[in-house]
Structures are given as structure tokens and as C-alpha cells.
1. Out of all the residues in segment 166-176, is one or more within 11 Å of the chain's Cα centre (by Cα) and in a helix (DSSP H, G or I)?
2. When the residues of segment 388-442 are filtered to those that are polar (S, T, N, Q), more than 18 Å from Asp347 (Cα to Cα) and outside any loop (DSSP other than H, G, I, E, B), which remaining residue is least open to solvent (accessible area, probe 1.4 Å)?
3. What number of residues in segment 323-345 are touching a strand residue (DSSP E or B) at 6+ places or on another chain (Cβ under 6 Å), buried (at least 18 other Cβ atoms within 10 Å of the Cβ) and of a type in the set (A, V, I, L, M, F, W, C)?
4. Is there a residue in segment 227-237 that is closer than 30 Å to Glu104 by Cβ and part of a loop (DSSP other than H, G, I, E, B)?
5. Can you say whether Asp109 is closer than 26 Å to Ala163 by Cα and either touching a residue at least 24 places away in the same chain (Cβ under 8 Å) or not hydroxyl-bearing (Ser, Thr, Tyr) (or both), as far as the supplied structure shows?
6. Kindly indicate which of Ser384, Ser371 is open to solvent by 60 Å² or more (accessible area, probe 1.4 Å) and either at pLDDT below 95 or within 30 Å of the chain's Cα centre (by Cα) (or both).
7. Return a yes/no flag: does segment 4-21 have any residue that is in contact with a Cys (Cβ under 7 Å, 6 or more places away or on another chain), surrounded by 15 or more Cβ atoms within 10 Å (Cβ to Cβ) and part of a strand (DSSP E or B).
8. Can you find a residue in segment 208-215 that is in contact (Cβ under 8 Å) with a residue 60 or more places away in the chain and touching a Pro at 6+ places or on another chain (Cβ under 9 Å)?
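The values are calculated or read from the model by the stated rules, or taken from the named source; none is laboratory data. The shown structure was predicted, so the numbers you read here are calculated from the model rather than taken from an experiment. Using ideal geometry, Cβ is built from the backbone for each residue, glycine included, and neighbour counts are taken over all protein chains shown. These area figures cover heavy atoms from the full protein model, side chains too; ligands, DNA and RNA do not enter into them. Shrake-Rupley method; radii C 1.70, N 1.55, O 1.52, S 1.80 Å.
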Amino acid sequence: MLANIENFSVSKILKSTGGTLIFGSEDEGVLSISTDSREIGDKCLYIPIKGEKFDGHTFLEGALKNGAEGYLTQNDYIVKGYGFGIKVKDTKKALGDIAAAYREGFCADVVALTGSVGKTTTKEFIASVLSRRFNTVKTKANYNNDIGLPFTLLSIGADTQKAVVEMGMSNFKEISYLTNIARPDAAVITNIGTSHIEFLKSREGILKAKCEIFEGLKEGGTAFLNGDDDLLQTLSGKLGFKTVFFGIDNKKCDICAENVKLYPLKTEFEISGQKFEINIPGRHNVYNALCAYAVGKMYGMTDDEIRKGLLDYKNDGIRQSIIEINGAKILNDCYNSSLQAAMSAIDVLKKLSDGKKIAVLGDMAELGDMSEDCHRKLGAYFASSGCDVLITVGNEAKFIADEAKKCGVREKNIYSFENNADAALCLKGILKKNDAVLIKGSHCMKMEEIAKNI
């Protein structure tokens, strides 16, 4: 990754990282930072990251050839030809330290968000709304980890007014680390589901991990919480700073959506009598839009600005994108999956077409001991949905098929496969004009292959 930054001196890098200058001048200026030896900017600091498969230190010579000015290292050797070199204990942590110091040098407000489902979509809605009035930067794609988040902060400049940063995690202390780098002015939790429950053991464990986001929240900051989520509701009055709840069913929320109307390609709703529309289907997406509305209101935006900002939302192509093939609608939602997300996607499928409704569902990962139970719950939900055909892919997804059959879905309408190629072949054989198809599975299942195949 590469970030072009405002001038940041070697002396500031030394101060923020606690590093030691091996050679060169502390007065040297840095105008870009990269962790990829192939992407080198002007006056670039190359930061080699040691990962599971590759060690960036092996590419120090390559970064130099591509024009890097200086480098960090957690090793002892010196690479000649650079303008400066700095030794640190851990280059990945040093990246976070630099980003934290860099972020504090600007006046931009930082909005941080996390949650089990809908993080990236909510991030996009918030950024779309804020961009209607403010110069806004945001997390690219879903670069929400200990490398991606620092690079989002490094994209802040003197003219940046708002930054929207997404925080992902799979275990405790990960969000704690990220939030103390970002030091947000506002913190969002979209919901508490079952994603990563294999490591966090329970939804209560997930709640605890997500609440780490508040550790870095600045004094006077605001928390935005989904008031329809049973566990987030328990935080009311307990956080010690201003909290805004948004929801649909819980009328005690500070911001409520009413008169929600679902259509195949859009969703309409009202807030305090004002009508809003989003160009994406599904009741669950109303929560994402409500959160963006709440953040926009905190920053003094008008209903009209927010309305236009919500309509500016653009799908990234792998989350609930709808494509049409020979008269059939394909709901391509194969970036990732969880019980909540898959159930919401089935709800969208139900309204997508007047023809046959086909759900292609793959394994949901990282569920640990709850895996069979969650897959069976999804099978029962499919059976109750009124959709017509179920195609499953993977070993765990067989529980979806088995439970759907137990709950009354006719066996001739259920197909189970080990791989995407066979599932795609089956789908091609039964897909007709006016049908609707949902493709949904965890990222490891690579179910985008099915969408590409058909």
C-alpha cells in the first residue's frame, strides 16, 4: 500500500516510533509511505512488514531501486544507497505509531465504526452523506486491519474535514489497538452477530470485543448504536458519554425509521415525517442509512443534504449487487456471510422477482461449536421464506439443506455440492427468465466463481 502524505520529518518518525536513526539526517522530509516495494512515491519511506508468507525486509533492495528515500527495519543490517534508515522493534507497530502521530497533526474529525454485519456498507453510506458538505476520506474497500487503518489515516491532508474509518477484528484487543491509533471523535457499532464467534465464544464476547472501540473515543465524543440490537440496548446509560440510538422497531430510539417500503431495487422510509430513499434493497440496509443520517445530523447537515448523500451510495459490486442475465436477476452477495447477513439476503431475494427464487448458499466460516446450529437455523429460515430452490456448497452448508428438508422443503428442490463448479452447472440447468438468484457464502468459499460462471 502507498500513501502520499503532508511533509513529515524523520525526527517526527523517530519520536513517534521510539526508533533509532541508523544513518542519515533527522531533518530529512518524507512525502509518502509504502509497504509495497513496487509502489514507491516521492521522498518515500519504505516500511517492510513481516507477515506469515512474506517478509518485506527481503524487498529492501527492490524498494531502493524503485526510488525509496528511506526505510524502517527491525533487523540489524544496513542497506547502502538509502538517504536514511531507522531501526524499530516492530515495523508493523511503527506504521501504526506513525499514523497515530500523523492523525493528531490535523483537525479532521474521525468517525470510526465496527460491527458484525454491514460495516463496509455503513461506512460507505456515512462517507457518502458527509461528502455532501465536507471534504471526506474513507477506508478503501475493506482495508480495516492493522495495516489498512493506518493507511486511511495517512490519507488525511490539510483540507480533509472528515475521515470515516472501518475497524475489523477476529479476536480481543484488535479493535483496542486500532481505536487508540485513530482516536475517533465518533464511534459506531452496527450490530452484534455471530461472526468470529469461534474465537470469541459467545455474542457477549463479541460485544466486549466491539466495545473496545470506545477506548480510543475522544473526550466529548459520541457513540452511535443500533437500538434494535438486543445486546447493544444493554449499553444504554452505561457508557459515560453521549450515545445516539437508531432503529426501526424500538420506538425508544433517538432516531427511528418508519413506513419502511421494500422494492426489488430500492428501499424507502421516513424519519420524523421526512421521506428518504436508498438505491439498494433490504430492510437491513435501512439501519446502515439511519446510522449515516444520525452522523450527518450530529455535524449539522440538513435533511436535503443527507437525502442526496444517501442516494450517492454506490455498491462495490460484491455486496448485494444485482445483475441481470437473460432476464434473470442475480443477487451477487458473495463477499462474506454470517447467519444474520444470509437471512437478510434471503429477505431481499423474496422480493426480487415474480419468478422462481433460488438461493445458492455456501459455508459460513468461523462459527466454531455453533456452526451446525447456525447452518440449521439458516435452513429453517429458508424453509419459512417461501423461496423455491435451495443449492448448497460445502460441508457445513449440508446442514442448511438437511434442516430445510426437515422443515418441509421438497427434496427435489434441494441440491448439495462440494464445489462451486458443480453448483454453477446445476444453477445453469434450472435458471429461467424472470427467476431470481441469491449467491451467498463466506469469503473462503470464493462463491464469486459461481457468479462469474453464469
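1. Of all residues in segment 166-176, those within 11 Å of the chain's Cα centre (by Cα) come to 166-169.
From what is left, the residues that are in a helix (DSSP H, G or I) are none.
No; the residues of segment 166-176 include none that is within 11 Å of the chain's Cα centre (by Cα) and in a helix (DSSP H, G or I).
2. Asn420
3. Quick first cut of segment 323-345, residues touching a strand residue (DSSP E or B) at 6+ places or on another chain (Cβ under 6 Å) only: 323, 329-334, 337, 342, 345.
So of that shortlist, the ones also buried (at least 18 other Cβ atoms within 10 Å of the Cβ) come out as 329-334, 337, 342, 345.
Now restrict to residues that are of a type in the set (A, V, I, L, M, F, W, C): 330-331, 334, 342, 345.
Residues in segment 323-345 being touching a strand residue (DSSP E or B) at 6+ places or on another chain (Cβ under 6 Å), buried (at least 18 other Cβ atoms within 10 Å of the Cβ) and of a type in the set (A, V, I, L, M, F, W, C): 5 in total.
4. Yes, that holds for at least one residue.
5. It is true that Asp109 is closer than 26 Å to Ala163 by Cα and either touching a residue at least 24 places away in the same chain (Cβ under 8 Å) or not hydroxyl-bearing (Ser, Thr, Tyr) (or both).
6. Ser384
7. First, pick out the residues of segment 4-21 that are in contact with a Cys (Cβ under 7 Å, 6 or more places away or on another chain): none.
Among the residues of segment 4-21, not one is in contact with a Cys (Cβ under 7 Å, 6 or more places away or on another chain), surrounded by 15 or more Cβ atoms within 10 Å (Cβ to Cβ) and part of a strand (DSSP E or B), which makes the answer no.
8. The answer is yes; a qualifying residue exists.
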